[in-house]
Amino acid sequence: GPAIRTSVGAGGRALVGVPVWFWTSVSATTWGPNSASASVPGMSVTAVARARHIVWQFGDGTSLTCAGPGTPFDPSRGRVASPDCGHVYEHSSARAAGSAYALTATTTWDVTWSGGGASGALVLTRASTSTLPVAELEVLIR
């Protein structure tokens, strides 16, 4: 499945109203393309897999389909919205199980294969899960 990455630092918390960036690390197994061949005497088959899109379920009842792997967060850009794959939480995760939202990222792959005088195509999905605590910051002015 995808290698879930967010703009929230390890062990950190997202904040209500502050954009969170989501992406997957890009490798042959997390975004592709990926290819493999198998052979037996007299026959060889090759398959090529390419990621089509990734669906992020943010744990708060919303989801987003991203056409690409997402853009890795660069702290020098500040807390601006992701250019392609982000979310703004509207509520804290205080009432969620474990006080964190359950994230699911599901990548859809298009796989083509050929060999042994035949060819074909199929669609596969691979998912990964994680959690993200979301806090609400309140400021009191006296």
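Do we find that Thr104 is among the hydroxyl-bearing types (Ser, Thr, Tyr), part of a strand (DSSP E or B) and closer than 25 Å to Glu136 by Cα in this structure? Spell out how you get there, then give the answer.
On the way: among the hydroxyl-bearing types (Ser, Thr, Tyr): yes; part of a strand (DSSP E or B): yes; closer than 25 Å to Glu136 by Cα: yes.
Considered against the rule, which asks whether it is among the hydroxyl-bearing types (Ser, Thr, Tyr), part of a strand (DSSP E or B) and closer than 25 Å to Glu136 by Cα, Thr104 comes out as yes.
Checking every residue in segment 67-80 against the condition of being at pLDDT 95 or above, more than 30 Å from Leu137 (Cβ to Cβ), under 18 Å from the mean Cα position of the chain (by Cα) and hydroxyl-bearing (Ser, Thr, Tyr) gives zero matches.
The criterion of at least 2 residues that are open to solvent by less than 30 Å² (accessible area, probe 1.4 Å) is met by the following strands (runs of 3 or more DSSP E) wholly inside segment 18-96: 20-24, 43-57. Take the conditions (1) farther than 21 Å from Pro2 by Cα; (2) not in a helix (DSSP H, G or I); Thr112 misses just one of them, which is (1).
The values are calculated or read from the model by the stated rules, or taken from the named source; none is laboratory data. Keep in mind that what you see is a predicted model, and the values were worked out from it rather than measured. All Cβ positions, glycine included, derive from the backbone under ideal geometry; neighbour counts span all protein chains shown. Side chains are part of the model used for accessible areas, which takes the heavy atoms of the whole protein and leaves out ligands, DNA and RNA. Shrake-Rupley method; radii C 1.70, N 1.55, O 1.52, S 1.80 Å.
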